[in-house]
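The values are calculated or read from the model by the stated rules, or taken from the named source; none is laboratory data. Bear in mind that the values here come from a model prediction, so they are computed numbers and not experimental data. Note: ideal-geometry Cβ built from the backbone for every residue, glycine included; neighbour counts use all protein chains shown. In case anyone asks, the SASA skips ligands and DNA or RNA and just uses the protein heavy atoms, side chains included. Shrake-Rupley method; radii C 1.70, N 1.55, O 1.52, S 1.80 Å.
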Amino acid sequence: MLHGHLVFVTKYRHDVLSEPAIRDLRRIFAKLCRDVEAELIECDGEDDHVHLRVHYPPKIALSKLVNSRKGVSSRRLRESRPEITGRYHKGVLWSPSSFAASCGGAPLSVSNPSGKRPKAALAFLPGLNAGVSREVHDDVCPTEEHCCRAHKTRFPARAEMEDASTRL
């Protein structure tokens, strides 16, 4: 089984996910994962995004897992929570962007120790690709201050990289 950390962001970053809605999403995502022989390990979120930690078989492409979870979860949540439907034109809940990364089985508390992510940290998600290089990362995250924690975990700070290259 492979381990993935997924982040889904609401369209236009609207604050529409209440605690009851996130509870409903946990149930919805767990059922959707079981349907494809995957397992939802953790699901947590805030009013404008959710984090999922999923174990999935290697025969499933991560992109397929992400896209099908987003579409069906949006429809099912809108069915169970009509107050969400009125917030969006055409009833679309999720932004077309998402974040997906291998997490090696680490719990969300390790990959997100504060339990919360500032809005600025997720602001660049439309340009994010799970397999970005350091150069692409630097283009997407213009400053260390506004860099997301996922990138800081994956990429050492610029100063650390320069120190390492001078020691070689």
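Can we say Ser74 is open to solvent by less than 50 Å² (accessible area, probe 1.4 Å), within 16 Å of Tyr12 (Cα to Cα), without any contact (Cβ under 8 Å) to a residue 40 or more places away in the chain and assigned to a helix (DSSP H, G or I)?
yes
Considering segment 38-59 alone, what residues qualify as being touching a residue at least 24 places away in the same chain (Cβ under 8 Å) and either open to solvent by less than 30 Å² (accessible area, probe 1.4 Å) or at positive phi (or both)?
Answer for segment 38-59, where residues must be touching a residue at least 24 places away in the same chain (Cβ under 8 Å) and either open to solvent by less than 30 Å² (accessible area, probe 1.4 Å) or at positive phi (or both): Ala38, Gly45, Asp48, His49, Val50, His51, Leu52, Arg53, Val54, Tyr56, Pro57.
State all residues of segment 1-37 that are farther than 21 Å from Arg87 by Cβ, open to solvent by 30 Å² or more (accessible area, probe 1.4 Å) and under 14 Å from the mean Cα position of the chain (by Cα); if no residue qualifies, say none.
Once the filter is applied, which keeps residues that are farther than 21 Å from Arg87 by Cβ, open to solvent by 30 Å² or more (accessible area, probe 1.4 Å) and under 14 Å from the mean Cα position of the chain (by Cα), segment 1-37 yields only His3.
Can you name every residue in segment 46-71 that is out of contact with any strand residue (DSSP E or B) (no Cβ under 6 Å at 6 or more places or on another chain) and in a strand (DSSP E or B)?
Passing the criteria: only Glu46.
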